[in-house]
1. Explain nothing, just compute: Karplus ³J(HN,Hα) = 6.51 cos²θ - 1.76 cosθ + 1.60, θ = phi - 60°, for every residue of the range 98-114 in order, whole Hz, x for Gly and Pro.
2. Roughly what angle does helix 54-70 make with the longest principal axis of the chain, taking Cα atoms, 0 to 90 degrees, to the nearest 10?
3. Mean separation of Cα pairs under 8 Å and 6+ residues apart, divided by the residue count of the range 212-345: what relative contact order is that in percent?
4. Give me the number: length gained by fully extending Asn149 to His99, i.e. 0.36 nm times residue separation minus the C-alpha to C-alpha distance, one decimal in nm.
5. Please list, in chain and number order, the residues 5+ apart from Ile46 or on another chain whose amide H is under 5 Å from its amide H, with Hs placed from the backbone.
6. By average Cβ neighbour count within 10 Å, what is the ranking of 264-274, 4-14 from highest down?
7. To the nearest 10 degrees, how steeply does helix 160-170 sit against the main Cα axis of the chain, on a 0 to 90 scale?
8. Return the percentage of antiparallel bridges among DSSP beta bridges fully within the chain, rounded to the nearest 5 %.
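Bear in mind that the values in this text are calculations on the coordinates, not laboratory data. As the structure is a prediction and not an experimental result, all values here were calculated from the model. Here the Cβ positions follow ideal geometry from the backbone for every residue, glycine too, while neighbour counts run over all protein chains shown.
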Amino acid sequence: MSDVSLARKLARDFMLYGTAAPLLRLDPGLPSRPGATAPLPAAIAIGAFDGVHRGHRHLLDGLIADARARGVEAIAVTFDPDPDTVVAPAPAPKLMTRHDRLAALARSGVDRVVVVPFTPKLAALDHRAFFDDVLGRILDIRSVHVGSNFRLGAHGAGTVEVLKRWGEERGIAVTGHELVWEDGSAISATRIRELIAQGDLPEAHRLLGRPYAVRGTVVHGRGKGTGMGFPTANVARSELIQMPADGVYAGWTLVPGMHGDPDVAYPSAVNVGLPPMFANDPSSATLEATLLGFSGDLYGREVTVLFTERLRPQIHFSSIGELVSAVRGNIEDVRQQLGSEGVSLAR
């Protein structure tokens, strides 16, 4: 693969590729004002869109085609935070941070993304109040697109059939899109999370439509890597984010450019989970990346770690020497697979 092709692929994988549609954060607590701008004619798709995976993109493609046929804007409507974190007693881990989820939606081809703050008060609304009193203040809805298993409103009473009856009363088309099935199961965030947790990255990547990545901030860690000859970036990430199975991975670490410099992706050997030798050290990190070709200070900076392949599970080594030898071997594997220098990425 040429350097240009690799840079383009990485820009897509890190979701830097394409024009971003504007985001509009809606405040459901503000009433409509007399003389306010007329609601915008729109076709909408509604969902949490965790992962913005291939199933979601199938839904969004249907939305965009319908909006173009109607001559109105295609708008993705989503929630912040994910409703699961507000209403579920034990929220499932997420495939994306809010930042990455909204960025991926904005680059999906829609004309606009409307972000609705999700609160217990909003959760208590029925579907009629949600459409009329929340979205209806800014949108003149011509059609609604959701997945066939979608439920909206208090106690999940707003099924697709209920929404269709509501739409018929108002001349609004409601489409419940069939889920995308692969190998006997629907593509879903739950299925992808399970694959990632098992370390089955190839299958997770296939269903996502891109490699899996985790965003976090570089913090001080054990400080052992520098003394061993391979300094690592210890990445603190949200506890809500799904992590791959413990082990060592090949991948890339995206370091955003500063002062107008381009973003750079560095080949990386990535450790996930507590190394058994340092499990009792309170400063041990559960996500550490050794960036090949990087020199400088990353402390306090936000980076994104992208996983390409699992190299090995966590192993208990009997000595520091054995550990050093294994890590050097992992770094060499990454060097052979991905190279030894950073790749500049144009947005």
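1. Here the 3J(HN,Hα) series is 4, 4, 6, 5, 5, 5, 5, 5, 5, 9, 7, x, 6, 8, 6, 10, 9 Hz.
2. The angle comes out near 40 degrees.
3. Once normalised by length, the contact order is 34 percent.
4. 15.4 nm
5. It is Val77, His145, by chain and number.
6. Averaged packing, sorted descending, gives the order 264-274, 4-14.
7. In the chain, helix 160-170 runs at an angle near 40 degrees to the longest axis.
8. Beta bridges within the chain, antiparallel portion: roughly 60 percent.
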